[in-house]
Every structure is written in structure tokens, then in C-alpha cells.
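Structure first, commentary second.
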Amino acid sequence: MLGAAASSAATIPTTAHTANSILRAFQTTTFDSLSSSHHPILGARFHFLSLRSFSNVSTKAMSHSQTLHASNYHPQSSAPGNKQALISLSDKKNLTLLGNGLQELGYTIVSTGGTASALENAGVSVTKVEQLTCFPEMLDGRVKTLHPNIHGGILARRDQKHHMEVLNEHGIGTFDVVVVNLYPFYDKVTSTGGIAFDDGIENIDIGGPAMIRAAAKNHKDVLVVVDSQDYPALLEFLKGSQDDQQFRRKLAWKAFEHVASYDSAVSEWLWKQTGGDKIPPKLTVPLSLKSSLRYGENPHQKAAFYVDKSLSEVNAGGIANAIQHHGKEMSYNNYLDADAAWNCVFEFRNPTCVIVKHTNPCGVASGDDILEAYRLAVKADTVSAFGGIVAFNIEVDDALAKEIREFRSPTDGETRMFYEIVVAPKYTEKGLEILRGKSKTLRILEAKKNEKGKLSLRQVGGGWLAQDSDDLTPQDIQFNVVSEKKPQDNELRDAEFAWLCVKHVKSNAIVIAKDNRMLGMGSGQPNRLESLRIALRKAGDEVKGAALASDAFFPFAWKDAVEEACESGIGVIAEPGGSIRDGDAVDCCNKYGVSLLFTKVRHFRH
């Protein structure tokens, strides 16, 4: 520590006179005031120059440059009754409340830079950190609090006699409260237009996390606060006479979590700067609790909803950041279904309505007339649509809102359709007013388009699966004609529409579509033939000349799914291809005069 101290002192501007003063101070310092070996401070080993002796040296150098006046400060004794709080904040929200509250409770407040200035401007008495360390801020602010006089006062265990003896020997006071938040790294690197690499590096906090971690480790003796919302609870706790270790532990947990989330943002940003693979060798995902849910998929399961605070999710849209304008609180299943509907509806370029039940789109229709598209989406599977989630990719105005509110079930022409959720990118004021009148429980969500290119994560027992999101659309792939019959332009459009729908249906998935609307779908069956039969049954007589899309290849053709589809009247089939029996599928379609398209792209969804 002596070497470091001497080096630091040398950075202070001096004249020949002050340099000679420093030399004389070293020459006249008694041997006893300098440790001749490693000194055990708080269980660690330091080369240490005592504050009492060294302050004479450093003060002479610094007083000349008028950077601080350490000679006017006498460190607090670590004896009981001398209460100190250390405050160092980037976000100074409610700082005046905190400063005044601590001062009224008899705390001496030690602070840094801008925080100290803000407290002084608010009329709060402040001792600056430099007066404890006898060093100015240096290296463009990189070094402020990294000093034994600070960290010794935080880390000292009050129940360890030798810790307290060391503090007294070196004139170091204890800190009872540490309030710190960190440089706004997250906001800086996610700001519009980005940030230069060097600027990003300079916004990585070092001293702040060190103080937070030190105080959190020693939470039995030091209260650590990283969130301004905790200031009132802190002050109330300090006013009381009882010491609640659980309160201290919760603050310590929050402090370590705060630093961990901060470090995860730095790690994510730096990995991106390396130009490394999208899937890094190690991954930390910072999650922030948005709400506790009534229950999970079932009433006996406890549940909560977390927002992903990864840098990649900033301004990236999605249901997690949706605004709820009306209705009951969202449930676990509501989030899953709303996410499925939202991800599906924004795949379509034209005005589109998607209705989802149990994460499967049971009704999809596109068209310039969004009212008619809504009606057709309901008619695709009226039974399933009842109690489902309705999503639109355009604004909901008063006319659409009235249609949603008043539309009767095609099954009996009388029952008003009931929905759990309506989600859209925006609503007119009148549209919102009308929808609110449909039901007190109807959840009305406003969300932004979910951006493409994200990393998709899914949990399995003991681990996580990571993959690119499935962002391919019909415009990204080739529909290769492999049959003798070539599809008409309208048939090809129907095949593309069906292909976009089947991508969002659970495997094994079959979708039948025509004229920009889903006629029927089969989902989640262990075999493709059964999914086909479900889809055909739902499509009914409208299957004639329609397009069929399969999320994966057909393993068999004759007396199986391909032949049954051809016999039903399907006009065109789109599938990935890749089966060892692809030739059978081609021959079967040729026999029945059906167009067959291979996409070479599979859309499994489990």
C-alpha cells in the first residue's frame, strides 16, 4: 500500500517546495508509524502506511494544489455512537429525502463528486470522500473510493475485536449505511444511435459495485441500499430500536442481484463487440419480476411473470412490454396465448385477424376489409374461437370495436362471441371506449411488433435450449414445383398463406386455406394423417381447390395423408420434402392432378 500511496501522491501537481516538503515528511516520520511488513487489516494482508502519518505527507502536497483540505477533517472514531453513511449515486432520485432523513437521525454523511454537490445544494452537511482518503479523485474519476479508509470502514466486522482494533489504530471510521447506484451503462449502450466502444467502456462502473458488494457481504453490520424506492423503508428501520436481520438480508440480496444484472449487461454488450457467435459460450439472462400471477397453468401451481432485461430486448417489442388498457389481470395461460397470437398476426403483410386457442391459431384471415377478415377468422372454427385471443396487426377503430363487441356466433346467430384478450398495435380513443363496454373482464392489450433476429430460449430439466427464432416467411423461400401440374397464381398465393399459418401451429401441423383465410387446421397429433383428417373435417365442403400446407414432409403417400388429401379435392400441396418416399408423393399428386410444391424448409413447433 505504501508504494501505491506514494505513486498516487506523485500524481498531484507539486512545486519544488512541496516536493521537498514531502521528502522531509518522509524523513521525519517515525519508524513506528510505518509498518515494516504486511499488516493484517480485516483479515487481508496489505503494505500499509497509516493514515495518521501519511495524511501529513499527502495533505502537504494536496493543500498546495488546493484540491482538498484533509487537515481540516478528523476521521470518525470507530467507537459506538458515531454513525456514518456513505452515499454515491448516479441516479439522484429522492436524494434530498434520503440526505435530510439521515442527517436528522444523526448520521455523518460521506459522499462523492456530484452526489456531494447535490446534497450540499439541498442544505445537507457532507464530508467528501477525499477528506477520508486524503487523495483527490484521479484518472478521470476512475479512482475515488477504492481505498482502505473506505472499504475498511465498510468491511470491518463489529463483533471481531481485532478488526476494530485495526480500524482504531489507523484512524478509520465505520460505515453503518451504504447507498450506491451505478453508472447508467444500460441506458447509455441502448440509447438511440448507439455508443462508441470507448464511451461504453468508460460507463462501466468499478468503484460502485465494489462498495455494494462489500456492504452486502457485511450486511450484518452495514445496511446497503441500491434502489431509491427503499429509502423510506431504510429511514423507518433506522428510527426503530429493533435490529431485523431479515430486512438486512433482503437489502443485501437486492444489492447482489443489482450488481449481477449490471454485470450481465456489460457481458452481453462486450460479447457483441467481439463479433462472436450469436450463441455465446456462457449466457446470463437478467429477469425482472413484473407481476405475481394468481397461479400457473393450473390452480395448484404458483407462478409469476418476469420481463427479460437483456440488451437485445430493449425496444424489441413483444407481449412482455404490452400496455394493458382494461380487464382482469393477465394469467399464466393468457401470456402464452397472447404471445402466440401476436407472433402470428405480425407475420402477415395485409390487414389480418388471428384467433388463438391454447397457443394454436384456430382462425386466420387477411383482407383490405378488416371487418370481414375478423368474421372469416371466427368462422374458421367458431367453437374454438369462443373464449380465445383475438389479435390484429392494424389499429382497432370504433367500427372494428363495435364488430368485436356485437358479433354473434355463426353457430346459432345469437350468442355474442366471448374473448379473453384483444391485442393490437394501437386503438382509437373511441375504439377503446367501445371495447371496454364489451366486458369488465376483457383484457385489452396494446403491443409493439416483436422484432426478428432474437435468440429463443426454452427450458428443459437441468438446462436450456437456445436457437435462432424462426423468422422465415414465404418471401424468404422458394416454392419449387415438383409435380406435372403447375399451380395457378391464385393457388400459389393460397399455398403461401397456408404455409405462413402452418408455421404457427403445433406439430404435427396441417393447414387448409383459400382466398387468404384459414379453412381448417389439425395440430399436435402424434401422426400427420390424423392432423390431416382433423383439418379436412373443419374445412368441410370448402376444401375443393384449396391449398394444403404441412409443417414437415409426408413419410407416406399412397393410402396415407397425401392420397387422402388428393381424394378430398385439395388443389395444391406445399411441404418441405426430404422424405425417402418423396417420389411416391409426386406420383400420387400426378395421378390426381394436384400441384405439389417442395419448400426445403421445415417448420416444426413443439
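Quick check on packing: order 147-155, 269-277 by the mean number of other C-beta atoms within 10 Å, highest mean leading. Don't skip to the end; give the middle numbers.
Working: 147-155: 23.7, 269-277: 12.3.
Taking the mean over residues of other Cβ atoms within 10 Å, the ranking is 147-155, 269-277.
Between the listed residues Phe392, Ile421, Gln459, the Cα displaced farthest toward the positive end of the dipole of the chain, a dipole computed from Cβ unit charges relative to the Cα centre, is found at Gln459. Pairs of Lys residues in segment 475-598 that lie 8 or more places apart, or on two chains, and have C-alpha atoms under 23 angstrom apart add up to 19.
Pull out a ≥ b ≥ c, the square roots of the eigenvalues of the alpha-carbon gyration tensor of segment 500-606, then state rounded if a/c is under 1.5, prolate if not and a/b is larger than b/c, and oblate in the remaining case.
Details: a/c = 1.43, a/b = 1.07, b/c = 1.34.
Here segment 500-606 falls in the rounded category.
Can you give the direction-averaged projected area of the convex hull of the alpha-carbon atoms in segment 425-489, in nm²?
Numbers: hull surface 41.3 nm².
Here the figure is 10.3 nm², rounded to one decimal.
Only aspartates and glutamates eight or more places from Lys144 in sequence, or on another chain, were considered; those with a Cα closer than 13 Å are Glu130, Asp205.
Working note: 222 nm ellipticity from helices only, DSSP H runs with n ≥ 4, each -39,500 (n - 2.57), summed and divided by the residues of the chain, gives -11000 deg cm²/dmol to the nearest 500. Look at the dipole of the chain built from charges on Cβ: of Thr411, Gln488, Ser469, the Cα furthest out on the positive end belongs to Ser469. Relative to the longest principal axis of the Cα atoms of the chain, the long axis of helix 332-345 makes an angle of roughly 60 degrees.
Convert 25 °C to kelvin, take the viscosity as 0.890 mPa s, use the Kirkwood radius over C-alpha pairs of segment 318-448 as Rh, and evaluate the Stokes-Einstein diffusion coefficient in µm²/s, rounded to a whole number. Using the Kirkwood radius from Cα pairs, D works out to 174 µm²/s.
Any idea what the dipole of the chain comes to, in debye rounded to 20, about its Cα centre with Lys/Arg Cβ at +1 and Asp/Glu Cβ at -1? Working shown, then result.
Working: 67 positive and 71 negative charges, 298 e Å.
Rounded to the nearest 20 debye, it is 1420 debye.
Placing unit charges on the Cβ atoms only, positive for Lys and Arg and negative for Asp and Glu, gives segment 318-448 a dipole magnitude near 280 debye about its Cα centre. Only lysines eight or more places from Lys309 in sequence, or on another chain, were considered; those with a Cα closer than 18 Å are Lys188, Lys254, Lys272, Lys278, Lys282, Lys290, Lys448, Lys449, Lys452, Lys454. Based on protein heavy atoms only, the chain ends up with 49 Å² per residue of surface accessible to a 1.4 Å probe.
Against the chain, whose longest principal axis is taken from its Cα atoms, helix 16-28 shows a tilt of about 70°. Taking amide H atoms as placed 1.01 Å from N in the peptide plane, the amide H of Val179 lies under 5 Å from those of Leu86, Ile87, Ser88, Val225, each 5 or more residues away in sequence or on another chain. Please work out the C-alpha center-to-center distance from segment 154-171 to segment 275-315 and express it in whole Å. Value for the Cα centre distance between the two parts: 42 Å. With all protein chains in place and a 1.4 Å probe, the accessible surface of segment 128-245 carries 49 percent carbon and sulfur.
Could you state the angle between the C-alpha long axis of helix 245-273 and the longest principal axis of the C-alpha atoms of the chain, as a value from 0 to 90 degrees rounded to the nearest 10? Taking Cα atoms only, the helix is inclined about 70 degrees.
Backbone geometry of segment 190-207 corresponds, through the Karplus equation with coefficients 6.51, -1.76 and 1.60 at θ = phi - 60°, to 3J(HN,Hα) couplings of 9, 5, 4, x, x, 8, 5, 4, 4, 5, x, 4, 5, 8, 7, 6, 10, x Hz, x marking Gly and Pro.
Which three semi-axes in whole Å describe the equivalent ellipsoid of segment 257-320, each the square root of 5 times a Cα gyration tensor eigenvalue, listed largest first? The partial results should precede the final answer.
Numbers: eigenvalues 160, 31, 26 Å².
Largest first, segment 257-320 gives 28, 13, 11 Å.
With all protein chains present, how much of the accessible area of segment 318-448 (probe radius 1.4 Å) comes from carbon and sulfur, to the nearest whole percent?
Numbers: 2540 of 5390 Å².
Ligands and nucleic acids excluded, carbon and sulfur give 47 percent.
The values are calculated or read from the model by the stated rules, or taken from the named source; none is laboratory data. What you see is a predicted model; the values in this text were computed from it and never measured. Glycine gets a Cβ as well: all are built from the backbone with ideal geometry, and neighbour counts include every protein chain shown. Each accessible area value is taken on the protein alone, full model and side chains, heavy atoms only, with ligands, DNA and RNA left out. Shrake-Rupley method; radii C 1.70, N 1.55, O 1.52, S 1.80 Å.
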